[in-house]
Amino acid sequence: MSGQPSNDRSYRAETSPAHGAAHPGAGPRTYLVVAAFLLAITVMEVWIFYVPALARVLVPILLILSTLKFTLVAMFYMHLKFDHTWFSYVFVGPLILAIGLAVALLWLFGLIGTTGVPHAGAG
């Protein structure tokens, strides 16, 4: 070791001019807008829970809204929006598959699409 910096990526990342600088477009205003969207989605989730007409599709709607909130938090507050696109695919792709599987299983076992109340003709 001659005291020269090595050519590994960690050293370059630490000494790059952009290290420690704010990401473009990620100022306080951006975070406040994202927080407002998260608040609006949360209000919609609570409102949807109390609408009787949506009882048959309550779980899928809440899963979609929760996924949207998760994606916003991951993209902005965890800075995935500013990282390489591949990280977003690795992070969000399996989430979409897992939610699809969960909805399919809930439907298969009759927990989605019914209100839980037996039909009038049921014995």
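The values are calculated or read from the model by the stated rules, or taken from the named source; none is laboratory data. Since this is a predicted model, take the numbers as computed values, not measurements. Backbone-built Cβ (ideal geometry, glycine too); neighbour counts: all protein chains shown.
For this structure, a couple of remarks:
- Residue, surrounded by the fewest Cβ atoms within 10 Å (Cβ to Cβ), within segment 40-60, restricted to residues that are assigned to a helix (DSSP H, G or I) and β-branched (Val, Ile, Thr): Val46
- Tally, over segment 81-112, of residues that are in a helix (DSSP H, G or I) and either modelled with pLDDT of 85 or more or of a type in the set (A, V, I, L, M) (or both): 16
- In segment 65-98, the residue that is surrounded by the most Cβ atoms within 10 Å (Cβ to Cβ) out of those that are without any contact (Cβ under 8 Å) to a residue 12 or more places away in the chain and β-branched (Val, Ile, Thr) is Val90.
- Unique match (being in a helix (DSSP H, G or I) and more than 19 Å from Leu111 (Cα to Cα)) among Leu72, Leu63: Leu72
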